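For reference, the structure discussed in these notes is given below.
The values are calculated or read from the model by the stated rules, or taken from the named source; none is laboratory data. Here the structure is a predicted model, which means the values were calculated and not measured. Glycine gets a Cβ as well: all are built from the backbone with ideal geometry, and neighbour counts include every protein chain shown.
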Amino acid sequence: MIASLRTLIMSGLRLRTLKEKIQLQGDGNEHEQVDSWSNRDLIPLPPSRRTWGWFHYFGYWTLNSLNISNWQTPNTFLSYGLSVGQSMMVIVVGKLLVTFFSTLIAWCGLRWHIGFTVQNRFTWGLRGSYIPLMQRVLLNFIWCAIQCWNGGRLVAVCITAIWPSFAKMHNTLPSSMPTTTYQFIAFVLFWIFSVPFLFVRPEKFRLPFLVTSIYCGLGMLSMMIWSLSVAKGVGPLWTTGQHIPETSSWNLHWLEMKGINQIIGGIAAGITNGSDFSRYARAPKHYVLGTVLSAWVTGVLVSLVGLVVTAACQKIYGEVYWNPPDLLMRMMDSGEGSSKARAGVFFLAAGFALTGMFENVCGNAVAGGIDLAGLFPRYLDIRRGAILTFVAVWVCQPWQLVNKAATFVSVLSSFSVFLSPIMGVMVVDFYLLRKGRIQLSHLYRTRDTAYWYHKGVNWRAIPAWICGWAPTIGGLVVTVGGTSSPPRSLVKLYYMAFLVGFFVSGTVFLLLNLAFPCTGLGEYEKVDVYETFTPREAANLEVVTASEPQVLDGVESDPVDNKMESGTVVEKSL
């Protein structure tokens with residue numbers, strides 16, 4: 001009995017020791033305390049960590065533009081029956097709206113230097129913020145896995161370009177596994193090659209952005225020049241006119257609306273957590289310039305290049321290849337295995353793979369790391385969370401998702417139905433109700449703060465969010481389910497899902513707050529508690545910096561004293 005008790009005590013001590021070892025350590029001098037709501041990666045960023053200039057954001061959005069999905073976008077709209085000109089018009093408008101909503105959501109991070117994880121605390125409540133956070137975590141896990149699998153296809157092309165026999169490797173995997181040996185090996189290699197990027201902190205992303213943007217950009221441009229020179233022009237795809245069948249239930253304008261909704265919805269997850277990366281900006285102008293040049297301009301150009309290359313290669317090969325891996329394999333086959341053809345295909349596929357690799361790390365793994373840090377701030381920072389997100393790839397089994405769960409992937413692709421209402425609530429709360437003013441220190445404390453609401457939950461946000469997706473969920477169900485004759489009203493709402501969800505949820509949230517106002521709206525702290533603002537920012541926000549004394553009731557107090565009392569020093573915004 002005594003021996004068993006001793007063993008139990010020793011096990012408890014070892015568990016406690018392990019818990020202490022894995023817990024993050026803070027730095028009180030830098031306001032980097034670690035507790036249930038805070039760690040180094042969740043606090044407002046100080047100027048020393050805000051290193052991103054316009055090119056960082058140009059590179060960040062370029063990764064979202066120089067990818068296979070954006071390359072294939074025109075094909076989607078041509079399949080609806082739109083002409084080439086109409087398809088490109090949809091892309092121009094859609095990318096412009098992406099730029100607008102991205103900046104709208106990201107402005108909180110630009111002004112207060114906090115990420116999506118913390119930003120939702122003043123809207124949903126400290127505990128209520130787990131609702132949008134868990135949705136983001138789920139998406140990060142699944143999309144990270146799928147992106148790894150898609151990247152593996154490009155790695156397979158690279159290896160085949162070096163060893164042509166690789167694609168003909170004997171399949172040793174069981175029939176229950178819906179993939180082949182060579183595809184699985186390429187996936188594993190893509191996953192392994194991605195791991196080193198996980199250890200690069202966001203402050204140091206400039207070099208990877210520079211390399212991937214230039215490499216893949218030159219690769220796409222080279223493909224266009226080569227295809228046009230060989231084909232001596234473009235194929236009939238380029239002159240595709242409007243061919244909406246007379247039996248179609250939808251006219252031109254509804255199909256264009258569907259296309260615009262797809263463009264915005266396709267990147268809704270990246271728009272939602274815009275503050276995670278905008279907070280690293282040296283100044284708002286850097287974010288705006290980089291986003292406009294890349295999210296809009298580069299995004300449109302990549303779709304145009306994809307259309308030109310596909311049309312030219314149609315003239316060369318007599319078939320339409322929208323998927324770059326398939327096109328690259330055909331280019332290699334047509335080159336009859338020559339070293340020149342294989343070398344060209346290798347470098348082109350490597351460019352696509354490298355861009356997809358860093359896009360996955362930045363947009364899914366790092367973003368997932370930030371979200372997980374918000375759930376478990378005592379034990380997870382960005383790096384640990386990113387590693388955990390990447391390990392979860394094996395749990396998700398992307399080979400099963402891509403090849404056997406097409407309906408599930410379609411639902412995830414339409415997840416903007418649930419994300420746009422979150423954005424609507426965020427925008428109304430920050431801009432209309434709070435006038436852009438928040439109390440930073442209240443985001444990291446509980447019961448004595450304005451953002452604790454009722455047991456940590458702002459109940460107003462929940463019905464507003466539900467009202468945002470309720471009108472469009474029916475359209476999602478009938479569309480994904482493949483219903484032969486779905487109700488037109490449901491489908492119309494689904495074709496406008498992003499805008500409907502955004503404005504309905506925002507309106508309901510505004511009305512609920514007018515009917516049941518909460519405390520602290522428009523209040524802000526007069527002292528820079530976390531030393532996060534530059535002197536110019538502090539002057540614009542009318543707050544006192546750490547090095548500047550504050551006068552209260554005619555008495556000049558020490559800056560340190562101001563910070564200690566900052567939880568109660570608030571003013572109404574004008």
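Every residue, every condition in (1) farther than 22 Å from Ile271 by Cβ; (2) of a type outside the set (D, E, K, R), yes or no:
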position: Val427; (1), (2): no, yes
position: Arg437; (1), (2): yes, no
position: Leu443; (1), (2): no, yes
position: Arg447; (1), (2): yes, no
position: Ala450; (1), (2): yes, yes
position: Trp459; (1), (2): yes, yes
position: Ala464; (1), (2): no, yes
position: Pro471; (1), (2): no, yes
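You will find that of Val508, Val527, Val491, Val504, the residue that is of a type outside the set (Gly, Ala, Ser), under 21 Å from Ile43 (Cα atoms) and in contact with a helix residue (DSSP H, G or I) (Cβ under 8 Å, 6 or more places away or on another chain) is Val527 and no other.
Checking each residue in the range 425-436 for being at negative phi and more than 17 Å from the chain's Cα centre (by Cα) picks out Val425, Val427, Val428, Asp429, Phe430, Tyr431, Leu432, Leu433, Arg434. For the range 355-394: of the residues being in contact (Cβ under 8 Å) with a residue 60 or more places away in the chain and part of a loop (DSSP other than H, G, I, E, B), which is nearest to Phe277 (Cα to Cα)? Of everything passing the filter in the range 355-394, Asp381 is nearest to Phe277 (Cα to Cα).
Only one entry of Thr298, Thr310 meets the criterion of being modelled with pLDDT under 90, hydroxyl-bearing (Ser, Thr, Tyr), assigned by TED's automatic domain parsing to the domain that holds Val84 and assigned to a helix (DSSP H, G or I), and that entry is Thr310. Identification of helices (runs of 4 or more DSSP H) wholly contained in the range 176-275 with 3 or more residues that are closer than 30 Å to Trp107 by Cβ yields 206-231, 252-266, 268-272. Of the candidates Phe197, Phe205, Phe166, Phe184, the single residue that is in contact with a His (Cβ under 9 Å, 6 or more places away or on another chain) and surrounded by 14 or more Cβ atoms within 10 Å (Cβ to Cβ) is Phe205.
Only one entry in Trp61, Trp71, Trp52 is closer than 23 Å to Cys144 by Cβ, in contact with a His (Cβ under 8 Å, 6 or more places away or on another chain) and either at pLDDT below 85 or hydrophobic (A, V, I, L, M, F, W, C) (or both), namely Trp52.
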